[in-house]
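First up is the structure itself, then whatever we jot down about it.
The values are calculated or read from the model by the stated rules, or taken from the named source; none is laboratory data. All values reported here derive from a predicted model rather than from experimental measurement. Counting neighbours? That spans all protein chains shown, and the Cβs are built from the backbone with ideal geometry, glycine included.
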Amino acid sequence: MRKRKLFALRNREDNPKVIIKTESYYTGYTYDIGTLKGKYFRVHPTEKDFDALSMMKHQEDKFAPAIGNGVIVKESVINQFDA
């Protein structure tokens, strides 16, 4: 078994519910709950994970979960850090 380099505290989630930010000309920004399709991980970052987390694009590579704690991260991004 390989030792994980980053994001040791993680759980796999399929089709997670996240907070989606949308922009409207009339109302400005609105925040809704949406479901992402595919495989993602809910990570609980430690001190050494913050640099990697800050490099990810919000609402593209990482998302805020609709329920609970942590950060929802794409499986492909996690795999890049494990390589």
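Observations on the model:
- Residues within segment 1-26 that are among the acidic types (Asp, Glu) and modelled with pLDDT under 95, tallied: 1
- Among the residues making up segment 1-59, those that are touching a helix residue (DSSP H, G or I) at 6+ places or on another chain (Cβ under 9 Å), in a strand (DSSP E or B) and surrounded by 12 or more Cβ atoms within 10 Å (Cβ to Cβ) are Arg10, Lys39, Tyr40, Phe41, Val43.
- Residue in segment 37-50 that is at pLDDT below 95 and of a type in the set (A, V, I, L, M) present: no
- With respect to (1) free of Cβ contacts under 8 Å to residues at least 40 places away in the same chain; (2) among the β-branched types (Val, Ile, Thr); (3) in a helix (DSSP H, G or I), the lone exception for Ile78 is condition (1).
- Test: residue in segment 44-52 that is β-branched (Val, Ile, Thr) and without any contact (Cβ under 8 Å) to a residue 40 or more places away in the chain: yes
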